[in-house]
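S.K.: Quick one: structure below, then a few questions.
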Amino acid sequence: MPDFSNKVVLVTGSSRGIGRATALRFAERGARVAIHYHRNRDAAEQTLKAAGENHLLVQADMGSAESVHKLVERVLDQMGKLDVLVNNAGVHTLHPIPDVDYETWQDEWQKTISANLIGPANLSFLVAKHMMKQGGGRIVNISSRGAFRGEPEALAYGASKAGLNSMSQSMAKALAPHNIFVYVVAPGFVETDMVSDILSGSRGDEIRKQSPLGRVAKPEEVAHTVLFLASEGSEFLTGCIVDVNGASYLRT
């Protein structure tokens, strides 16, 4: 695995799941990590403790443009630079059309698009501005298999991730001349708190059987892909979308 000594990495949503696994993997490889959380400070502090010394705990609401701005300012003030951004934070809620009213429908879309698309867009913009001044950097955005196959019970989530894919590829083209490389990782189901109820419920076996491996991904497997993309030598992959779904959904 690559060495990230002397690198500073910001991982959003790193109190648990994919974000926690990614933050810890970067820390293991020598990076100083800004560990972001929104509400779950206790879990974030556990990640910070597991990461060891020289890391930073930061709070922000990804749905708030002002909060995102303050997040970047604090990371740069406390850590001096930012080499890698991992946009992992997101929300996933069910809002099937037959079961929700119009007010709920609007609320779910507003909340999801704000957190999953506008927040990462604002954060990427601010970080890219800094990376331009320092001579380059890398941005890795965590998307989803749902951006391609559709999410009939979480429509806003699928749309937000499809938007994140498009934004990432547009940024890859815009930022490549500035030595900033942008990548997307699109997992399927992963063993995280976000989907624990689904995986332990009546659909759990069916979901695991979607992959010929007979299981869902572990957070560490997604983290492994993130670190690969963030490492030296992956520059010509900029703009790529890497599926990490165990062949559960194959797109052409």
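The values are calculated or read from the model by the stated rules, or taken from the named source; none is laboratory data. Source: prediction; values computed, not measured. Backbone-built Cβ (ideal geometry, glycine too); neighbour counts: all protein chains shown.
S.K.: Could you go through the stretch 63-85 and let me know if any residue there is hydrophobic (A, V, I, L, M, F, W, C), touching a residue at least 60 places away in the same chain (Cβ under 8 Å) and under 25 Å from Asp197 (Cβ atoms).
M.R.: no
Condition check ((1) of a type in the set (A, V, I, L, M, F, W, C); (2) under 19 Å from Val184 (Cβ atoms)) across all residues:
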site: Lys209; (1), (2): no, no
site: Arg215; (1), (2): no, no
site: Lys218; (1), (2): no, no
site: Phe228; (1), (2): yes, yes
site: Ser234; (1), (2): no, yes
site: Leu237; (1), (2): yes, yes
site: Ile241; (1), (2): yes, yes
site: Leu250; (1), (2): yes, yes
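S.K.: Say whether the condition of being farther than 28 Å from Ile180 by Cα, surrounded by 13 or more Cβ atoms within 10 Å (Cβ to Cβ) and among the aliphatic types (A, V, I, L, M) is met by at least one residue in the stretch 79-86. Reasoning before the result, please.
M.R.: Just the residues of the stretch 79-86 that are farther than 28 Å from Ile180 by Cα, to begin with: none.
Checked against the condition, which is being farther than 28 Å from Ile180 by Cα, surrounded by 13 or more Cβ atoms within 10 Å (Cβ to Cβ) and among the aliphatic types (A, V, I, L, M), the stretch 79-86 yields no hits at all.
S.K.: Kindly establish whether Thr104 is in contact with an Asp or Glu (Cβ under 9 Å, 6 or more places away or on another chain), among the hydroxyl-bearing types (Ser, Thr, Tyr) and surrounded by fewer than 18 Cβ atoms within 10 Å (Cβ to Cβ). Working first, answer last.
M.R.: Numbers: in contact with an Asp or Glu (Cβ under 9 Å, 6 or more places away or on another chain): no; among the hydroxyl-bearing types (Ser, Thr, Tyr): yes; surrounded by fewer than 18 Cβ atoms within 10 Å (Cβ to Cβ): yes.
Here the answer is no, as Thr104 does not meet what is asked.
To keep it simple, each residue is scored yes or no on (1) touching a helix residue (DSSP H, G or I) at 6+ places or on another chain (Cβ under 6 Å); (2) of a type in the set (Asp, Glu).
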position	(1), (2)
Glu73	no, yes
Val100	no, no
Ser143	yes, no
Ala147	yes, no
Ala156	yes, no
Ala162	yes, no
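S.K.: Among residues belonging to the stretch 122-148 that are in contact (Cβ under 8 Å) with a residue 60 or more places away in the chain and in a helix (DSSP H, G or I), point out the one that is surrounded by the fewest Cβ atoms within 10 Å (Cβ to Cβ). Before the answer, list the steps.
M.R.: Initial filter on the stretch 122-148 (in contact (Cβ under 8 Å) with a residue 60 or more places away in the chain): 123, 127, 138, 140, 142-143, 145, 148.
Within this subset, residues satisfying the condition of being in a helix (DSSP H, G or I) are 123, 127, 148.
Details: Leu123: 25, Val127: 25, Phe148: 18.
Per the stated criteria, the residue is Phe148.
S.K.: Quick one: how many residues across the stretch 38-58 are in contact with a strand residue (DSSP E or B) (Cβ under 6 Å, 6 or more places away or on another chain) and free of Cβ contacts under 8 Å to residues at least 24 places away in the same chain?
M.R.: Total satisfying the criteria: 3.
S.K.: Please verify whether the stretch 15-28 includes one or more residues that are buried (at least 20 other Cβ atoms within 10 Å of the Cβ), at positive phi and in contact (Cβ under 8 Å) with a residue 24 or more places away in the chain.
M.R.: Let us first name the residues in the stretch 15-28 that are buried (at least 20 other Cβ atoms within 10 Å of the Cβ), namely 15, 17-27.
From the residues that got through so far, the ones that are at positive phi too are 17.
Next, only the ones that are in contact (Cβ under 8 Å) with a residue 24 or more places away in the chain stay: 17.
Scanning the stretch 15-28 turns up at least one residue that is buried (at least 20 other Cβ atoms within 10 Å of the Cβ), at positive phi and in contact (Cβ under 8 Å) with a residue 24 or more places away in the chain.
S.K.: Further question on the same structure: Please verify whether Val184 is at pLDDT below 95, hydrophobic (A, V, I, L, M, F, W, C) and within 20 Å of the chain's Cα centre (by Cα), treating the condition exactly as stated. If you could, list the steps in order and put the result at the bottom.
M.R.: Numbers: at pLDDT below 95: no; hydrophobic (A, V, I, L, M, F, W, C): yes; within 20 Å of the chain's Cα centre (by Cα): yes.
So Val184 fails the test.
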